[in-house]
Amino acid sequence: MYKIILIISVVTTFIFSSCDKDIKHFSTVDFKSIFDETQVRLDKDGNPVTLPAGNAAQSPRINELSIHYLELSQDEFTPYKKGAQLYKSAETIDGGAVAIDFDSAIIVSENEISFTVNINRIANDNYNYVRASVSYLNYDIDLILRNIPSVGDVETTGTVASFIGYNTYIRTLQIMQLSTDINANKSQGFWAFETHLTAPYESYNSTYSGQSIGITTCVNPIAATSPLPLGSGVITGKFTEPLVIDDESKKQNLTITLSFSNNNSFEWEDVNANGIWDVDVVNPALTEQVVDMGLRGMIATFHFTE
């Protein structure tokens with residue numbers, strides 16, 4: 001009996017020792033996002049830009065975001081989707097055409113990890129650019145609600161659900177406290193918002209929705225050499241210094257932070273030139289038209305840790 005127990009003990013030790021040797025440890029890459037309203041406001045080609053005459057804008061206070069696609073590109077000549085493609089969220093045809101599946105989207109707060117990948121998925125190379133599709137933003141803005149029955153006009157705040165990906169299938173959308181059923185594909189530039197009226201007007205809180213009338217800005221400073229399809233929703237930004245991936249760096253964990261410019265990124269036609277977004281609760285046709293909700297640039301940084 002002693003010999004049998006000894007043999008079993010030796011065999012068990014050997015098996016677990018062998019298994020432990022087979023365990024492969026790998027480093028990871030975490031992706032985070034932050035927003036900076038002081039970051040330069042860029043046009044679609046990466047040039048600093050001011051507001052056109054007749055329009056107004058504000059820097060929204062970001063609550064949450066979702067990224068649909070992310071790719072690292074070696075240089076300004078790397079074609080779209082020919083770099084290191086590291087992430088793509090789920091898509092669906094429930095609405096007919098292919099669209100981002102909003103129900104499956106990973107929605108996170110600022111500076112929270114959006115996703116993590118194995119660093120070995122990145123080929124050894126030098127990377128200078130990041131391409132990211134931010135498909136959804138949730139943020140607070142200032143506005144005036146016009147013509148509230150028995151009340152009149154009230155200056156307040158609201159929460160906007162902004163869809164800036166190429167196409168998104170939305171079932172039920174909860175903006176903040178209130179929700180609305182959509183069950184359809186919504187193209188780039190769809191928005192919905194919920195008012196934040198407080199006592200004694202809280203009973204008038206409601207949701208509103210619309211479609212921006214302009215082309216959503218997707219900054220691409222290397223458009224001349226590496227263009228993107230119109231309406232792709234992909235933003236291109238440069239690392240502050242080249243990201244070098246080699247056998248040695250792959251022994252460490254990596255965090256990549258994407259800093260997006262929300263500098264006057266919510267833009268509308270300021271019909272009455274008062275500098276604040278006017279929303280008519282009785283006649284939607286009198287609501288000032290949203291022109292653009294695109295983020296106004298991206299800067300990428302990184303750091304390695306043991």
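Nothing in this text is a laboratory measurement; each read-out follows from the coordinates by a stated rule. Keep in mind it's a predicted model, so treat the numbers as computed, not measured. Positions of Cβ are backbone-derived with ideal geometry, glycine not excepted, and every protein chain shown enters the neighbour counts.
Counting only Cβ charges, +1 for Lys and Arg and -1 for Asp and Glu, the dipole size of the chain around its Cα centre is about 1160 debye.
Along the Cα-to-C-beta direction of Leu230, a point sits 7 Å from the Cα; which residues of segment 41-76 have their amide N less than 19 Å from that point? Answer for this model: 43-46. Each residue, Val117 and Ala53, gets one label point 7 Å from its Cα in the Cβ direction; the gap between the two is 4.6 nm. Between segment 272-291 and segment 169-204, what's the alpha-carbon centroid distance in Å? Going from one Cα centre to the other spans 17 Å.
Residue separation times 0.36 nm, minus the C-alpha to C-alpha distance between Thr180 and Thr38: what's the value?
Gain on stretching Thr180 to Thr38: 47.8 nm.
In percent, how large is the relative contact order of the chain, given Cα pairs closer than 8 Å and 6 or more residues apart?
On the way: 761 pairs, mean separation 78.5, N = 306.
That works out to 26 percent.
Divide, for the chain, the radius of gyration over alpha carbons by 2.2 N^0.38 Å, where N is the residue count. Relative to the 2.2 N^0.38 Å estimate, the chain comes out at 1.24. The sum of -39500 (n - 2.57) across all DSSP H runs of n ≥ 4, divided by the residue count of the chain, sets its helix-only mean residue ellipticity at 222 nm to -2500 deg cm²/dmol.
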